Amino acid sequence: MSQHRIAVMVGSLRKDSFNRRLANALAMRAPDRFELQQIEIGDLPLYDQDDDAHQSHAVRRLKAQIAEAHGVIFVTPEYNRSIPGVLKNAIDHASRPYGQSAWAGKPAGIIGVSVGAIGTACAQQHLRAILAYLDMPTLGQPEAFLQMKDGLFDENGDIGEQSRKFIQTWMDKYVALVEAHAKEIAPTAGPPI
């Protein structure tokens, strides 16, 4: 029985996304008391402050899912040395209107995979700066900049044997962060959808 619901934000919309595969594999590495739920962000309109008073159904759904979560894992590719626009758009929507952010206090984990040798290091550093402003306690170590190569995933979609111990350590540290903050912040019912 899960005690902690974790919102998983995948920063890629690509059908065969490496990062979606990573998010699916992370769910296999989570303890039974954690439920990882991927959050849809591809249907969000572009953020426009003029819409703050009348947010779309998709935006209200996003904010409700984050409000109901005990924490958030960001699984992001790296586009042009930063985070994808679709992920930034989702972050902006859920932080607005000013003073009504769904992110505040939610423990965050950041991880990502890319074909590049440095993985998603630059994107993750940009995302850390954003999350600091949003008042999200964020897992600092271990950092996980994964390079997509043969063997990263096994035939069952789990993390391959060579990287499994490292990813399990990352997950265990994130679990500890969430549990340490569980008493400080409880999920709430989100805004009406």
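All of the numbers you see were taken from the coordinates with simple rules; none came from a lab. Since the structure is predicted, the reported quantities are computational estimates derived from the model, not experimental observations. Positions of Cβ are generated from backbone atoms using ideal geometry, with glycine treated the same way; all protein chains shown enter the neighbour counts.
Can you name the residue in segment 4-38 that is touching a residue at least 40 places away in the same chain (Cβ under 8 Å) and in a loop (DSSP other than H, G, I, E, B) and, of all such residues, is surrounded by the fewest Cβ atoms within 10 Å (Cβ to Cβ)?
Pro31
Of all residues in segment 95-116 being closer than 17 Å to Val75 by Cα and among the aliphatic types (A, V, I, L, M), which is surrounded by the fewest Cβ atoms within 10 Å (Cβ to Cβ)?
As a first pass, look at segment 95-116 and keep what is closer than 17 Å to Val75 by Cα: 103, 106-116.
From what's left, among the aliphatic types (A, V, I, L, M): 108, 110-111, 113, 115.
Details: Ala108: 24, Ile110: 27, Ile111: 25, Val113: 28, Val115: 11.
This residue is Val115.
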Starting from segment 61-86, keep only residues that are buried (at least 24 other Cβ atoms within 10 Å of the Cβ), then list their pairs with residues that are part of a loop (DSSP other than H, G, I, E, B) and charged (D, E, K, R) whose Cβ atoms are within a distance under 6 Å, requiring at least 6 positions of separation or different chains. Gly71/Lys106; Val72/Lys106
Just a yes or no: is a residue in segment 116-133 assigned to a loop (DSSP other than H, G, I, E, B) and within 15 Å of the chain's Cα centre (by Cα)? yes
In segment 39-57, what residues are among the hydrophobic types (A, V, I, L, M, F, W, C) and not in a loop (DSSP other than H, G, I, E, B)? Ala53
